[in-house]
Amino acid sequence: MSIDFTSQRLSYEQGELIESHLPKQPFSLLQTWVQQAIDAKQGEAYAFSLATCGSDRQPSVRTLLMREIIQLDNAGIGLVFYTNYDSAKGCDLATNPNAEALFFWPSLERQIRLTGAVQKVSREQSAQYFHSRPRDSQLAAWVSEPQSSVVASREVMEDKFAQLTVQYEGNPIPLPEFWGGYLLTVEKIEFWQGRANRMHDRIVYSLDGEQWVMERLLP
C-alpha cells in the first residue's frame, strides 16, 4: 500500500524574480514578501520552520512563530523567536548554534530560506516579551518543562496548569529561567519564486563583511 502523488501537478505562474528589479540588500525584499503574505491572509504568515542539528548529527525541524525581523547595524538581518531553552531545539542550539529558517507561502508560490548562527537574547528582552504574552500562555510555558519530554497524560498537564493558576493568582508570573529568546543572525538568504515548467527563480544573497552579494541559482 502506498500514497501516490506522482500524478499531482501544479504550474507556478504568479511571479518572477529578475535581478535588475531587485534591491542590492535583501531586507526590503524580505519585508515586502512578509507583508504581502500577511495581506494575502496566509494564516499565520510569520510562521516558519526551524531546522537544527545537535551532537547526534540528526537533523530536526519544527514550525514556530517569528516574533521580530530586524535590520542590524552592519546591514545584516536578525530573526527573533522565543522557546524553551531545555527543548530539543534548545539542546541542539546549545551544541551547534547554526540553524536555518524557512518561510513558505504556498498560495503565493514563494519560500525564503535564511541561514545563520543563533545566540540567546538578553534576559531583559525575553522578560519584556514574556510579560506581553497572554497570561495563560505565560502559565503554559511553566507547564511544558522540560519541553519535549514524555508526559503521562493530558490530565497531568491540565492539573499543573490549574495549580499554577492558583499559585500565581493576583501576582505577576515570573519569567522561567529555562525560557527565552534567540536571535538568528542571517548570513545567507534565498528567495524562491515558483515559475512555469519548474524553471523556478532562486536568488540568493550572501553577506560578505557588510556587503551583500547576489547570485542566481539553478532551480
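Dividing the mean sequence gap of close Cα pairs (under 8 Å, 6+ apart) by how many residues the stretch 1-62 holds gives a relative contact order of 14 percent. Spacing of the modelled spin labels on Arg133 and Arg62, each 7 Å from Cα toward Cβ, amounts to 1.2 nm.
Sort the stretch 1-131 into rounded, prolate or oblate with this rule: let a ≥ b ≥ c be the square roots of the eigenvalues of the Cα gyration tensor; rounded if a/c is under 1.5, and if a/c is not under 1.5, prolate when a/b is larger than b/c, oblate otherwise.
Values: a/c = 1.87, a/b = 1.22, b/c = 1.53.
Cα axes put the stretch 1-131 in the oblate bin.
Running a GNM on the chain with Cα contacts under 10 Å, which residue among Pro134, Pro106, Pro176 ends up with the highest mean-square fluctuation? The residue with the greatest mean-square fluctuation here is Pro134.
How large is the accessible surface per residue of the chain, computed with a 1.4 Å probe and reported in Å² as a whole number?
Values: 13010 Å² over 219 residues.
Heavy-atom accessible area per residue stands at 59 Å².
The loop-placed GluC sites (Glu not before Pro) in the stretch 113-219, going by DSSP, that have at most 14 neighbouring Cβ atoms within 10 Å of their Cβ come out as Glu169, Glu177, Glu210. Shown in residue order for the stretch 197-211 are the 3J(HN,Hα) couplings computed by the Karplus curve 6.51 cos²θ - 1.76 cosθ + 1.60 at θ = phi - 60°: 6, 6, 8, 5, 8, 10, 10, 10, 10, 10, 7, 10, x, 10, 10 Hz (x for Gly and Pro). Applying the Karplus relation 6.51 cos²θ - 1.76 cosθ + 1.60 with θ = phi - 60° to the stretch 35-52 yields 3J(HN,Hα) values of 5, 5, 5, 5, 5, 7, 6, 7, x, 7, 5, 8, 6, 8, 9, 10, 9, 10 Hz, where x marks Gly and Pro.
Helix 154-167 axis versus longest C-alpha principal axis of the chain: approximately 60°, rounded to the nearest ten. Solvent-accessible area of the chain (1.4 angstrom probe, protein heavy atoms only): carbon and sulfur portion equals 51 percent.
The values are calculated or read from the model by the stated rules, or taken from the named source; none is laboratory data. Predicted, not measured: the structure shown is a model, and the values here were computed from it. Please note: Cβ atoms are built from the backbone with ideal geometry, for glycine as well, and neighbour counts cover all protein chains shown. Note: areas computed on protein heavy atoms with side chains; ligands, DNA, RNA excluded. Shrake-Rupley method; radii C 1.70, N 1.55, O 1.52, S 1.80 Å.
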